[in-house]
2 protein chains.
Amino acid sequence: MSDIAARFADIVGNANLLTGDAIPEDYSHDEELTHEPQQPAYVAKPQSAEEVAELLKVATDYKVPVTARGSGSGLSGGARPRKDGLLISFERMNRVLEVDTTNQVAVVQPGVTLTELDHATLDAGLSYMVHPGELSSSVGGNVGTNAGGMRAVKYGVARHNVLGLQAVLPTGEIIRTGGKIAKVSTGYDLTQLIVGSEGTLALATEVIVKLHPRLAHSATVLAPFADFDQVMAAVPKVLAAGLVPYILEYIDNMTMAALIHTQNLELGIPDQIRDSCQAYLVVALENRTASRLEEDVETTGELLAELGAVDAYVLEGGSARKLIEAREKAFWTLKAIGADDLIDTVVPRAAMPKFIAAARGLASAAGGAAAGCGHAGDGNVHLAIICKDPDKKKQLMTDIFALAMELGGAISGEHGLGRAKTPYFVELEDPAKVALMRRIKQSFDPAGILNPDVVFAAPD
Amino acid sequence: MSDIAARFADIVGNANLLTGDAIPEDYSHDEELTHEPQQPAYVAKPQSAEEVAELLKVATDYKVPVTARGSGSGLSGGARPRKDGLLISFERMNRVLEVDTTNQVAVVQPGVTLTELDHATLDAGLSYMVHPGELSSSVGGNVGTNAGGMRAVKYGVARHNVLGLQAVLPTGEIIRTGGKIAKVSTGYDLTQLIVGSEGTLALATEVIVKLHPRLAHSATVLAPFADFDQVMAAVPKVLAAGLVPYILEYIDNMTMAALIHTQNLELGIPDQIRDSCQAYLVVALENRTASRLEEDVETTGELLAELGAVDAYVLEGGSARKLIEAREKAFWTLKAIGADDLIDTVVPRAAMPKFIAAARGLASAAGGAAAGCGHAGDGNVHLAIICKDPDKKKQLMTDIFALAMELGGAISGEHGLGRAKTPYFVELEDPAKVALMRRIKQSFDPAGILNPDVVFAAPD
């Protein structure tokens with residue numbers, strides 16, 4: 001065992017420090033599509049903030065690059081380690097420390113999965129409302145990527161649901177930010193700076209998340225539209241009507257066909273309607289009372305008809321759940337049908353029709369294709385890119401991101417930059433902003449050990 | 001005219017650069033209670049981001065301290081200038097640039113007041129929901145302090161309603177952050193870092209704010225309670241019931257008496273009830289439909305009765321409006337009855353009874369008094385401190401803030417630190433966090449020109 005490995009093992013114990021061939025393959029990647037797996041030099045499994053602090057002090061001393069890992073379900077390569085690096089896995093820091101019903105918050109360790117948190121809050125009638133597709137994802141991973149998901153249209157993304165952190169700076173200080181409080185104007189908001197920083201500034205060792213009441217009644221309306229632009233035009237109207245959907249998604253016909261086929265969905269839509277439709281809108285509603293929900297479903301149906309929907313299907317419990325689950329698993333479906341890359345660009349929602357049409361045009365001009373679904377209420381467009389030639393694909397991705405930015409959007413709406421998108425970010429973003437972010441990075445991480453290939457790395 | 005003044009005048013024009021006796025007294029202070037007014041050396045009134053950038057470049061070159069000013073309605077001295085400094089007043093940058101109904105955002109210059117923004121969004125049926133007490137406050141000021149107000153319990157504070165900025169760095173670069181988008185995971189969130197930074201990092205020259213639909217029907221329920229702790233215990237129950245009040249305030253009996261007296265409020269509460277009550281809960285509800293509102297008001301009344309309210313008065317349009325306005329003007333009322341200092345501490349809402357009781361105890365032990373009202377749903381406690389002896393008052397304030405922090409809270413929930421609270425912050429906050437914030441400050445403002453007495457100044 002090397003000197004460095006011995007130092008790490010002293011901190012976490014021999015059983016919790018892996019090196020060389022003892023490192024399972026799973027630690028060498030997340031779910032990003034475009035990079036080969038990379039085994040790290042060391043995997044450490046700390047069980048406390050103090051152990052994380054000691055690990056980071058040693059890593060800073062020896063200039064060992066450090067990558068944090070929750071469940072490894074990220075889609076941008078933010079948890080892909082360096083060959084010479086230390087992977088800190090939070091799998092042992094997986095306790096729900098407190099469900100506080102008076103303050104409506106939970107205090108959790110970063111390795112807790114969303115499924116575990118959901119179970120822990122069920123009896124209190126409360127819920128952490130951030131639901132990215134993968135419910136095996138960890139709260140720590142949600143903090144790192146500023147995770148979103150379908151419910152963001154009502155409940156916001158991780159940023160809006162993380163109220164405070166215990167975090168370890170790369171220099172070893174343990175700080176607490178925010179708290180069980182919904183508002184604070186006392187110095188800079190370190191919580192919000194760390195959320196979404198993809199493990200490049202500090203590592204969260206405790207997270208205070210906001211909980212919302214679980215509403216007893218919900219229903220899902222599925223509306224096929226003959227024309228894609230009609231779907232997009234319907235979105236702001238549904239929101240302006242004050243119906244407050246908790247899910248507002250579009251699914252294009254190619255993606256819907258793949259979902260139906262791979263997940264054996266039975267949605268009760270006649271073939272002739274499916275064949276003539278370009279896209280679907282999914283509107284999920286919830287309410288305190290059954291009668292209000294029923295009324296809202298009816299209002300939604302009428303509104304969608306006015307807005308040009310061919311029909312509106314109210315999905316019953318089982319098929320509604322299956323559709324939402326299928327949508328959550330869209331990534332796997334798109335991967336299975338041969339996606340070469342993924343885009344989770346965000347644009348102002350008014351710009352979605354223009355963006356999607358142009359992205360498809362660019363893809364087909366490059367000899368490829370782009371298909372997908374997305375969080376229509378948020379302007380968050382998920383596209384699977386099919387383009388086998390790596391150079392053409394890189395140019396296509398660059399062109400699509402440049403277009404999104406020109407329309408007032410950004411490269412990633414919820415997956416983060418990771419290894420996958422950092423090169424595009426560095427190429428396309430305003431150099432003054434990148435330089436400012438680099439100075440902020442240095443103010444946290446003077447030795448540059450935390451996830452050095454993410455946010456700032458040069459194109460590879 | 002000095003060389004420096006001439007440089008500033010070259011940028012904004014002679015008519016928009018004031019020096020010496022030509023500077024009206026109003027520019028020498030905001031509404032903070034404890035510092036004497038201070039005339040700045042220069043007042044500049046730029047009309048564009050480019051002019052702001054040029055002003056800041058000159059200020060950086062000559063190391064002239066710079067204070068930004070919106071409407072000057074702040075309560076912590078964040079807009080109090082330096083004697084040798086430049087005050088940048090945004091009064092000429094006061095245009096609503098766009099009300100975008102599809103994306104449900106407005107793009108405004110920082111000098112726009114909330115009243116002006118409210119008028120501009122009325123016809124679209126939309127509203128910027130941040131309502132600090134003073135509606136003459138500017139959007140730029142809201143950004144600086146991360147302003148809150150009564151509606152935060154439903155709609156969040158400025159942080160949650162500011163989606164993007166154009167901002168000028170002290171070194172003169174003009175950057176754009178965020179956008180007309182509700183989510184983004186693309187590098188560090190510079191928007192959220194600048195919001196609440198009290199003009200110490202960068203100056204906002206354009207603000208993209210989120211708009212919400214205006215709901216057609218609203219009502220206000222006023223419930224007196226015999227016991228203060230009952231009010232506090234009622235708050236989480238009202239929230240857990242899923243009634244989603246847009247205002248949830250408590251008012252203690254001393255403050256209510258002052259409000260009724262100074263504002264000639266007629267609330268229809270019999271004297272014997274007023275005399276026997278320690279505090280009031282104000283619950284404002286809104287809905288899309290009149291019938292749902294009526295039902296919610298009834299449910300609220302029943303719930304409050306169960307929770308121990310002596311009665312529940314549904315205030316009609318005029319008297320509801322007068323009560324809310326009186327509450328918004330509580331600061332002026334408390335000032336008029338002789339407040340020597342103000343506290344807007346935030347604590348976890350479960351800790352409010354303990355905090356308020358202890359703060360009152362500390363005040364009376366110091367020979368003074370503490371009375372107030374607050375945003376009960378947010379744990380944001382507003383206390384007027386009456387304590388004539390400056391040293392005793394300083395110790396009292398220190399003790400109260402230390403207590404709030406011990407309970408998991410923070411010094412300011414919405415006013416910001418400003419000149420008034422910075423010394424307490426520097427004394428009480430974790431030195432590792434203050435040092436980190438100072439490094440972040442340097443990454444934006446290497447010359448240290450922006451509001452140098454705020455967030456980091458030593459006790460005076």
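Rule-based calculations on the coordinates, nothing more; no lab input. Keep in mind that this is a model prediction, so the values were computed, not measured. Note that each Cβ is placed from the backbone with ideal geometry, even for glycine, and that neighbours are counted across all protein chains shown.
Within straight cross-link reach of A:Lys322, meaning Cα distance under 22 Å, which lysines are found once same-chain residues fewer than 8 apart are removed?
In chain and number order, the partners are A:Lys154, A:Lys335.
Using amide H atoms built 1.01 Å from N in the peptide plane, name the residues 5+ places from B:Gly164, or on other chains, whose amide H lies under 5 Å from its own.
Residues meeting the criterion, in which the H sits 1.01 Å from N, are B:Gly179, B:Ile208.
Over the alpha-carbon set of chain A, work out the extent along each principal axis and list the three values in angstrom, largest first.
Dimensions of chain A along the principal axes of its Cα atoms: 68, 55, 41 Å.
Let a ≥ b ≥ c be the square roots of the eigenvalues of the Cα gyration tensor of the stretch A:173-246; is it rounded (a/c under 1.5), or, if not, prolate (a/b larger than b/c) or oblate?
prolate
Could you please report the charge total around B:Ala241, scoring K, R as +1 and D, E as -1 over all other residues with beta-carbon less than 13 angstrom from its beta-carbon?
Residues close to B:Ala241 contribute a combined charge of -2.
So if I place +1 on the C-beta of Lys and Arg and -1 on the C-beta of Asp and Glu, and nothing else carries charge, what would the dipole magnitude of the protein assembly as shown be about its Cα centre? I want it in debye, nearest 20.
1100
Treating only the Cβ of Lys, Arg, Asp and Glu as charged (+1, +1, -1, -1), what charge dipole size does the stretch A:268-311 show about its Cα centre? Round to the nearest 20 debye.
Roughly 140 debye, rounded to the nearest 20.
If a/c stays under 1.5 just call it rounded; otherwise compare a/b with b/c (prolate if a/b is bigger, oblate if not). Do that for the stretch A:3-89, with a ≥ b ≥ c from the square roots of the Cα gyration tensor eigenvalues.
Working: a/c = 1.80, a/b = 1.70, b/c = 1.06.
It comes out prolate by the Cα gyration axes.
Could you give the length gained by full extension between A:Arg274 and A:Ala435, i.e. 0.36 nm per residue of separation minus their alpha carbon distance, to one decimal place?
Length difference between fully extended and current span is 53.0 nm.
Given chain A, what percent of its DSSP beta bridges are antiparallel, to the nearest 5?
90
Return the percentage of antiparallel bridges among DSSP beta bridges fully within the stretch B:3-89, rounded to the nearest 5 %.
If I count the DSSP bridges inside the stretch B:3-89, around 30 percent turn out antiparallel.
What aspartates and glutamates does A:Lys441 reach when the alpha-carbon gap must be under 14 Å and sequence neighbours fewer than 8 apart in one chain are set aside?
A:Glu198, A:Asp453, B:Asp189
How far, in whole Å, is the nearest Cβ of chain B from the axis relating it by rotation to chain A, and which residue carries it?
With distances in whole Å, chain B gives B:Gln192, 2.
Find the Rg to Rh ratio for the stretch A:275-392, where Rh is the Kirkwood radius over alpha-carbon pairs and Rg uses the same atoms.
1.03
Output, in nm with one decimal and in ascending order, the distances from the B:Asp229 label point to the matching label points of the other copies (7 Å from Cα along Cα-to-Cβ).
Here the equivalent label points are 6.5 nm apart from this one.
What does the charge add up to near B:Ala202, with Lys and Arg as +1, Asp and Glu as -1, over the other residues with Cβ less than 13 Å from its Cβ?
Computed value for this residue: 0.
In 10 Å bins starting at 0, how do the alpha-carbon pair distances of the stretch A:301-460 split up by percent?
10, 32, 32, 18, 7, 2
Cβ under 11 Å from A:Gly78's Cβ, A:Gly78 left aside: what net charge do those residues give with Lys, Arg +1 and Asp, Glu -1?
-1
How about B:Lys392: which lysines have a C-alpha closer than 18 Å to its C-alpha, ignoring those fewer than 8 places off in the same chain?
Within the straight-line cut-off, B:Lys392 pairs with B:Lys421.
How far, in degrees from 0 to 90, does helix B:431-444 lean away from the longest principal axis of the Cα atoms of chain B, to the nearest 10?
50
As a quick test, which of the pairs B:Lys210/B:Lys237; A:Lys57/A:Lys83; A:Lys83/A:Lys393; A:Lys354/B:Lys180 have an alpha carbon distance above 18 angstrom in this structure?
Working: B:Lys210/B:Lys237 29 Å; A:Lys57/A:Lys83 20 Å; A:Lys83/A:Lys393 26 Å; A:Lys354/B:Lys180 15 Å.
Those over the limit are B:Lys210/B:Lys237; A:Lys57/A:Lys83; A:Lys83/A:Lys393.
List the relative contact order of chain B as a percent without decimals, with contacts defined as Cα pairs under 8 Å and 6+ residues apart.
Working: 991 pairs, mean separation 72.4, N = 460.
In percent, rounded to a whole number, it is 16.
Starting with the fewest neighbours, write out A:Asp311, A:Asp445 ranked by other beta-carbon atoms found within 10 Å of each beta-carbon.
A:Asp311, A:Asp445
What's the percent breakdown of Cα-Cα distances in the stretch A:338-416 across 5 Å bins, shortest bin first?
Answer for the stretch A:338-416: a P(r) of 3, 18, 32, 27, 15, 5, 1 percent.
Going by a ≥ b ≥ c, the root eigenvalues of the Cα gyration tensor, does the stretch B:217-326 fall in the rounded group (a/c under 1.5), the prolate group (a/b larger than b/c) or the oblate group?
Oblate shape, in that a/c is at least 1.5 and b/c is the bigger or equal ratio.
Within a 10 angstrom radius of each residue's Cβ in A:191-201, how many Cβ atoms of other chains show up on average? Whole number is fine.
Per-residue shielding by partner chains comes out at 4.
Considering just Cα atoms, how many Å³ per residue does the convex hull of the stretch B:114-220 enclose?
109
Looking only at other chains, what is the average number of their beta-carbon atoms within 10 angstrom of each beta-carbon in B:435-443?
What the average comes to for B:435-443 is 6.
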